[in-house]
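K.L.:
One structure, pasted below without further comment.
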C-alpha cells in the first residue's frame, strides 16, 4: 500500500466509526414522579402466573414440591402420596403446564448406581401422578444421581435431604 492509500483508508475508517457514534437525545424523558400511594406489593401469583416455578411453589407450598426417600428406596409412602396429590390437583387445574421430575440420590454409592436410583425415584413420582390422572405426555423425568446435592455434608441428615424427587415446572 502506498502512503496516500493508507492515509485514505484510515480517514475512511475514522469517518465510518464517527457516523456510528451515539448522540445524546435532544430531549430527556421526564423524571419519575412519586405517586404517594403506599400500596402493598401485588400477590406473588399475579407476578408469576401459571406455568412458572414461583406460581407452582406458591400454589402447592414449597414442601410439597419435593418427595423424599429412604436409603436405597424409591417407593411412595403416605407422606409422599399426600404431596403428589397436592401436585396433581395443581396440574389438573393448570392443564397446559408441563413439568420435569428430577430424581436425586445421596453421595454414597457409585455414579451409575445413583443415576439408576434417581431415575427410579423420578419414575415412581411420575407413575403416581399418572395414576391420579395427569397425562404422561406432560411429565418429563431426569436423573441427576448424586451430581446435584442440596446438602453438602456427609451426615445422615444431609443424605436424607439429597434422596429426593423434585418437581420443576418447565417455563
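The values are calculated or read from the model by the stated rules, or taken from the named source; none is laboratory data. Owing to the predicted nature of the structure, the values given are computational and were not obtained by experimental measurement. Don't worry about glycine lacking a Cβ; one is built from the backbone with ideal geometry, like all the others, and counts go over all protein chains shown.
K.L.:
Which residues, taken from region 132-152, are out of contact with any strand residue (DSSP E or B) (no Cβ under 9 Å at 6 or more places or on another chain) and not in a loop (DSSP other than H, G, I, E, B)?
P.N.:
Within region 132-152, 136, 137 meet the criteria.
K.L.:
Can residue 86 be described as touching a residue at least 12 places away in the same chain (Cβ under 8 Å) and part of a strand (DSSP E or B)?
P.N.:
no
K.L.:
If you don't mind, there's one more thing I want to ask. From the list 48, 81, 42, 19, which residue is surrounded by 10 or more Cβ atoms within 10 Å (Cβ to Cβ) and either at pLDDT below 65 or within 16 Å of residue 134 (Cβ to Cβ) (or both)? Steps first, answer last, please.
P.N.:
Numbers: 48 fails: either at pLDDT below 65 or within 16 Å of residue 134 (Cβ to Cβ) (or both); 42 fails: surrounded by 10 or more Cβ atoms within 10 Å (Cβ to Cβ); 19 fails: surrounded by 10 or more Cβ atoms within 10 Å (Cβ to Cβ).
That would be 81, the only listed residue that is surrounded by 10 or more Cβ atoms within 10 Å (Cβ to Cβ) and either at pLDDT below 65 or within 16 Å of residue 134 (Cβ to Cβ) (or both).
K.L.:
Here's a follow-up. Among (1) outside any loop (DSSP other than H, G, I, E, B); (2) out of contact with any strand residue (DSSP E or B) (no Cβ under 6 Å at 6 or more places or on another chain); (3) within 16 Å of residue 130 (Cα to Cα), which single condition is residue 67 missing?
P.N.:
Evaluating residue 67 over (1) outside any loop (DSSP other than H, G, I, E, B); (2) out of contact with any strand residue (DSSP E or B) (no Cβ under 6 Å at 6 or more places or on another chain); (3) within 16 Å of residue 130 (Cα to Cα) leaves (2) as the failure.
K.L.:
Among the residues of region 139-150, are any modelled with pLDDT of 95 or more, touching a helix residue (DSSP H, G or I) at 6+ places or on another chain (Cβ under 7 Å) and surrounded by fewer than 16 Cβ atoms within 10 Å (Cβ to Cβ)?
P.N.:
yes
K.L.:
One residue is enough: does region 112-131 have a residue meeting the conditions closer than 27 Å to residue 50 by Cα, within 21 Å of the chain's Cα centre (by Cα), at pLDDT 95 or above and part of a loop (DSSP other than H, G, I, E, B)?
P.N.:
There is no residue in region 112-131 that is closer than 27 Å to residue 50 by Cα, within 21 Å of the chain's Cα centre (by Cα), at pLDDT 95 or above and part of a loop (DSSP other than H, G, I, E, B).
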